[in-house]
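Asks: Have a look at this one.
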Amino acid sequence: MASQANQPGGQVNEPIPVGTRLENYRIVHLLASGGFSFVYLAHDENETPVAIKEYLPSTLALRANGESYPRIPEQDLATFRVGMKSFFEEGRALAGLSHPNIVRVLNFFRANETVYLVMRYERGRTLHDHIGRRRGALKEPWIRATFAQLLNGLREVHSNKLLHLDIKPSNVYLRTDGTPVLLDFGAARQAFPAEGMKLPQTFTPGFASPEQHVDRELLGPWSDIYSVGATMYACLGNALLQPADQRLNDDKLGPARRVWEAKYSHELLETVDWCLQLHHLDRPQSVFALQKALRS
């Protein structure tokens, strides 16, 4: 069962109750939760399953005791509303994307003084779970084929002038037929104008690029490419990655070409290390460049 979102001071955000109706959707159960949102399994009026993502940043809002609406301190209200607007714009942008390797946004709407994204429900498991079950013993042809498809989706994202900014094994979903889907564009809202306000950051240490930590004006396609490289690195041996801000001060991340030289081809390992370069200009500058390297 997914954990609930912790509030400062030990308070806990509660998901909306099973059976709640949101527009023409009925909540079935909680799928996942985190610091920024809840994700629910729901059924529409035809009993078709969908996934619904609810904007509820735990640092800004509290919902408890069966309440429908979040309680937001006056000093956080403006920031909450700016984030909600960005979340809504994220839905609008993603609803315009239709690609087999990107999660499909079907609808987005306001309710309960927040915003909801309705997504196609996919059956399968996350890459994170897959790596754990295989204990890192993933074959090179599988890695190349899976990431080639995933990168097709990321190219579509970038061609629409969007960034993902939170690519990691738990945000890559493997359908039951093995095809990958890029999930959870929550951090993408960081790329939308925030009217001068600093929103809570949603990146994941170990998978986030250096510029997500320290030089956000340098964000670009190469930032997602760092995260793709970190995700491939995790596939090589179920490895934990040193966070990029720590690497900037004392880089202890073993190069893939050295750690796994007896297990994978030199070409694949060099490509992973290329993606994980600390300076953004030293990485592949486009998804196309990375795909070309993976095909070699």
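The values are calculated or read from the model by the stated rules, or taken from the named source; none is laboratory data. Note that the coordinates shown come from a computational prediction; the quantities given were computed from them, not determined experimentally. Glycine also receives a Cβ, built like all others from the backbone with ideal geometry; neighbour counts cover every protein chain displayed.
Asks: Answer yes if at least one residue in region 219-241 is part of a loop (DSSP other than H, G, I, E, B) and touching a Leu at 6+ places or on another chain (Cβ under 6 Å), and no otherwise.
Replies: No, there is no match, as no residue in region 219-241 is part of a loop (DSSP other than H, G, I, E, B) and touching a Leu at 6+ places or on another chain (Cβ under 6 Å).
Asks: Right, something else. Residue by residue through region 207-218, note down the ones that are outside any helix (DSSP H, G or I) and either surrounded by 19 or more Cβ atoms within 10 Å (Cβ to Cβ) or among the hydroxyl-bearing types (Ser, Thr, Tyr) (or both).
Replies: Correct list: PHE207, ALA208, SER209.
Asks: Hey, another quick one. From the list SER98, SER86, SER68, which residue is among the polar types (S, T, N, Q), part of a loop (DSSP other than H, G, I, E, B), in contact (Cβ under 8 Å) with a residue 12 or more places away in the chain and not assigned by TED's automatic domain parsing to the domain that holds GLY229? So that I can check it myself, show each step before the final result.
Replies: Numbers: SER98 fails: in contact (Cβ under 8 Å) with a residue 12 or more places away in the chain; SER86 fails: part of a loop (DSSP other than H, G, I, E, B).
Just a single option satisfies the conditions, and that option is SER68.
Asks: Going through region 23-48 one residue at a time, which ones are closer than 16 Å to ARG110 by Cα, part of a loop (DSSP other than H, G, I, E, B) and free of Cβ contacts under 8 Å to residues at least 40 places away in the same chain?
Replies: Hit for region 23-48 is ASN24, nothing else.
Asks: Which numbered condition trips up ALA137, out of (1) in a loop (DSSP other than H, G, I, E, B); (2) outside the structural domain of VAL272 (by TED's automatic domain parsing)?
Replies: Only one criterion in (1) in a loop (DSSP other than H, G, I, E, B); (2) outside the structural domain of VAL272 (by TED's automatic domain parsing) is unmet by ALA137, namely (2).
Every residue, every condition in (1) within 19 Å of SER223 (Cα to Cα); (2) out of contact with any Pro (no Cβ under 6 Å at 6 or more places or on another chain); (3) assigned to a helix (DSSP H, G or I), yes or no:
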| residue | (1), (2), (3) |
| --- | --- |
| LEU253 | yes, yes, no |
| ARG257 | no, yes, yes |
| GLU261 | no, yes, no |
| LEU268 | no, yes, yes |
| THR271 | yes, yes, yes |
| GLN277 | yes, yes, no |
| LEU281 | yes, yes, yes |
| GLN285 | yes, yes, no |
| ALA289 | yes, yes, yes |
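Asks: Here's something else I'd like to know. Restricting region 132-159 to residues that are buried (at least 17 other Cβ atoms within 10 Å of the Cβ) and at pLDDT below 95, which is nearest to the chain's Cα centre (by Cα)?
Replies: Selected residue: VAL157.
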